[in-house]
Amino acid sequence: MSKLTNIDPSSQGEALSFYPIVAPFDGTVLEKDIVLLERALPDRKILTIADLSTVWLKTDIYEEHLPLLKQLSNQTIHFRTQSWPDRNFEAKVFFTGEVVEEGSRTVAMIATADNAEGLLKPGMFVNVEIPALARTAVIQAPPSAVLDYQGDTFVFVAVGPESFERRSVKVGRRSEKAYEIVDGLSENENIVIEGGFALKSQMLAELIAGE
């Protein structure tokens, strides 16, 4: 079989009408965009071939779970598919995305899975099991409890049956349901989660009166 660099139209003539095209690697034909005896053109795709001995698994991680992504790097995860419900497949995470998709508010995580048996197919949906990850206990407060005034973030801490103390806090991770309190609160302290705006209004009134 001659190479493309050895083609000489002037000497080979009609023999060039039928020329074998060899893929650069062993693989599986995924798409065929040409039929028998159809003319092949330089700007037209003929076949799509892929090596499916290893496949990529793409998982969308929600924005509030972004802190977990660092722990998932190079971790082995397990997944299942409805086509093979009795099989438990493994994949190794090699990429955790850096961009949050605006529509879904998710970040892509990609892992590689061995597919020597050819059971996994491109486009297949799977259920991913995230491994148990190390977690550090944190102090959390509902968003309604965390208030702001002139750049200061604070909560109201109950110091008596009808007494409350304004306490500046530092907020870490945030979600729709809870804020992580990095500094300013101790475990088992009671804070105001409803009616905080009323206390804030009273606080502002006292500040104005004292000026």
Helix 196-210: inclination vs the chain longest Cα principal axis, degrees, rounded to 10, gives 50 degrees
Give the cross-link partners of LYS58 among the aspartates and glutamates, using a straight C-alpha distance below 18 Å as the criterion and excluding same-chain residues fewer than 8 apart.
GLU90, GLU98, GLU101, GLU102, ASP114, GLU129
Shape verdict for the chain, please, from the Cα gyration tensor: rounded (a/c under 1.5), prolate (a/b greater than b/c) or oblate.
prolate
At 222 nm, what helix-only mean residue ellipticity would the chain give, in deg cm²/dmol to the nearest 500, using -39500 (n - 2.57) for each DSSP H run of four or more?
-3500 deg cm²/dmol
So if we plug the beta-carbon distance of ARG167 and ALA137 into 1/(1 + (r/R0)^6) with R0 = 25 Å, what FRET efficiency do we get, rounded to 0.05?
0.80
Long-range amide H partners of THR153 with built H, under 5 Å:
VAL169
HN-Hα couplings for region 164-176 via Karplus (6.51, -1.76, 1.60; θ = phi - 60°), in whole Hz with x for Gly/Pro, come out as 9, 10, 6, 10, 5, 9, 10, 9, x, 5, 10, 9, 5
For LYS45, give me every one of the aspartates and glutamates with a C-alpha distance below 16 angstrom, ignoring sequence neighbours fewer than eight places off in its own chain.
GLU31, ASP33
If you put +1 on each Lys and Arg Cβ and -1 on each Asp and Glu Cβ, how big is the dipole of the chain around its Cα centre, in Debye rounded to 20?
460 debye
In whole percent, the fraction of accessible protein surface over the chain that belongs to carbon or sulfur atoms, probe radius 1.4 Å, stands at 52 percent
Here, ARG87 and VAL182, labelled 7 Å along Cα→Cβ, have an inter-label distance in nm of 4.5 nm
For region 43-115, what does the alpha-carbon gyration tensor say about shape, rounded, prolate or oblate, given a ≥ b ≥ c as the root eigenvalues, a/c under 1.5 as rounded, and a/b over b/c as prolate?
oblate
Cα→Cβ-extended label distance, 7 Å offset, between LEU47 and ILE34, nm
1.0 nm
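The values are calculated or read from the model by the stated rules, or taken from the named source; none is laboratory data. All values derive from a computational prediction rather than experimental measurement. Here Cβ is always computed from backbone atoms with ideal geometry, including for glycine, and neighbour counts include all displayed protein chains. Remember, those area values only see protein heavy atoms, side chains included, never the ligands or the DNA or RNA. Shrake-Rupley method; radii C 1.70, N 1.55, O 1.52, S 1.80 Å.
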